[in-house]
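One structure below.
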Amino acid sequence: MISLKNLTLNIKGEYLFSIEDYTFEAGKKILLVGDNGTGKSSLMKCLINHFPFMEGEIISRGEIVYQPQEPYLFQRTVRDNLKLSGMTRQEMEEGLKELYAEDILDKRVRVLSGGQRQKTALLRSISKATDVLLLDEPFSQMDEKSTIVSQRLVDQWHREKADRVLVMISHDVELLEMDFHEKIILKDRAFFVEKLNEL
Ligand SMILES: Nc1ncnc2c1ncn2[C@@H]1O[C@H](COP(=O)(O)OP(=O)(O)OP(=O)(O)O)[C@@H](O)[C@H]1O
Ligand SMILES: [Mg+2]
């Protein structure tokens, strides 16, 4: 659960938007959309207190795992990165296989393609997250079939515990098959919430 009260994002005089009162409720899957530059990534950074141009109050319960738009990977191999998140060898192999990437386990991160980097990052995020998972355009460089399987993995993560919270930013809305409970739209310097499915 993450609650926002009287939040305003204002970057050096450039007003982005404000939110009077909103809660990312336990158990929900929330989609965050909006055109380039509307402040989606900035809002996500606010949720982990990594955004300096913000005023207001954020109250959160539970551990938050955040996957940025450009995920950071250690400059070693995929295996090393996944091992650091506590994955077993079998989990790594199975996860990569599901994502059509079984051949990258011993590749160095610097030689990976964009989609391969995202697959590594996603497996790591899912394996680390216990309560709240924030994903900033996690499939933007993946091919269509990998996007579909990735969504299944994220859904599976969400279902493992009743009070897990997922917040995901995406542009490829037509490729999304997940049943989100709410959609947040950033538009015209404002914040709108659309209810999609009841919990
Ligand atoms: N640290 C910063 N310093 C100055 N401006 C910033 C900073 N962070 C974000 N901005 C500006 O805030 C606006 C929103 O940026 P943000 O990255 O949140 O957009 P976005 O909705 O995630 O866009 P995209 O779809 O392209 O990822 C942009 O105009 C950006 O240049
Ligand atoms: Mg962004």
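Asp106 meets each of the listed conditions (1) assigned to a helix (DSSP H, G or I); (2) away from ligand 1 (no atom under 16 Å from the Cβ) apart from (1). Confirm whether Phe17 is aromatic (Phe, Trp, Tyr), in contact with a Leu (Cβ under 7 Å, 6 or more places away or on another chain), more than 16 Å from Gln118 (Cβ to Cβ) and within 16 Å of ligand 1 (Cβ to nearest atom). When the stated conditions are applied, Phe17 passes them. Restricting Leu4, Leu112, Leu31, Leu82 to residues that are within 16 Å of ligand 2 (Cβ to nearest atom) and buried (at least 18 other Cβ atoms within 10 Å of the Cβ) narrows the list to Leu31.
Applying a threshold of 6 Å to beta carbon distances and a minimum spacing of six or more residues, or different chains, the list of pairs starting in segment 88-104 at a residue that is surrounded by 14 or more Cβ atoms within 10 Å (Cβ to Cβ) and ending at one that is among the small types (Gly, Ala, Ser) and at pLDDT 95 or above reads Leu99/Ser146; Tyr100/Ser146. Tallying residues that are surrounded by fewer than 15 Cβ atoms within 10 Å (Cβ to Cβ) and under 19 Å from Tyr15 (Cβ atoms) within segment 42-55 yields 2.
Listed here are the strands (runs of 3 or more DSSP E) enclosed by segment 116-190 that have at least 1 residues being within 16 Å of ligand 2 (Cβ to nearest atom), in contact with a Gly (Cβ under 7 Å, 6 or more places away or on another chain) and in contact (Cβ under 8 Å) with a residue 12 or more places away in the chain: 182-187.
The values are calculated or read from the model by the stated rules, or taken from the named source; none is laboratory data. Owing to the predicted nature of the structure, the values given are computational and were not obtained by experimental measurement. All Cβ positions, glycine included, derive from the backbone under ideal geometry; neighbour counts span all protein chains shown.
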